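Some notes on the structure that comes next.
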């Protein structure tokens, strides 16, 4: 499972399929669950551990098998093997500097690999907010995000003002703050 780290200095979440909505992970969940990061798309969905040889494998990061690799991809054997990664967990400064210094022509996002089982253990606290891009890639994104927003709150019984998660708008062109509050929506 992976996320993009987006902030004022790196205002570019994953958007390979158009500007799509998402969730904002809590800092505590990211701190506890991060496996590695890449200064650009690390093609992590193809970096898997071989079930017969898992020793030293970190899925999406290091010592993965070549079962799902295309010819242009090579698997990393150590952190910082290439200028774009993979970077060790919590090595945010190096990753963001590499992202700024080595821009990738096809996509500007970075990729942070999270251990899925760790993420699931931390739910619902792992989710800080839901977000919509200022410019939507697909018309149905707003309805889908609101449905997921409502489902999340109902699943985890988060109905009080103290426990509900906000919906925020992401504007990659903002000069002051890429995220702004949209509010809380009826459940």
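Bear in mind these aren't lab numbers, they're just calculated from the coordinates by the rules spelled out. All of these numbers come straight from a predicted model, not from anything done at the bench.
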In degrees from 0 to 90, rounded to the nearest 10, what is the angle of the helix 92-101 Cα long axis to the longest principal axis of the chain?
80 degrees
Calculate I(q)/I(0) for the chain by the Debye formula, one identical point scatterer on each C-alpha and no solvent, and give its log10 at q = 0.10, 0.11, 0.13, 0.17 Å⁻¹ to two decimals.
-0.44, -0.53, -0.73, -1.17
Relative contact order as a percentage, the stretch 2-183, C-alpha pairs under 8 Å and 6+ apart, gives 31 percent
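When the helices in the chain are scored as -39500 (n - 2.57) per DSSP H run of 4 or longer and the sum is shared across all residues, what 222 nm value do you end up with, to the nearest 500 deg cm²/dmol?
On the way: 4 runs with 39 residues, N = 187.
-6000 deg cm²/dmol, from helical runs alone.
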Expected max-MSF residue from 112, 30, 120 in the GNM of the chain (alpha carbon, under 10 Å) is 120
Most fluctuating residue of 167, 35, 144 in a GNM of the chain with Cα springs under 10 Å: which is it?
144
Who wins for biggest fluctuation among 117, 172, 32 in a Gaussian network model of the chain, springs between alpha carbons below 10 Å?
117
Degrees separating the helix 141-155 axis from the principal Cα axis of the chain, which is the longest one
80 degrees
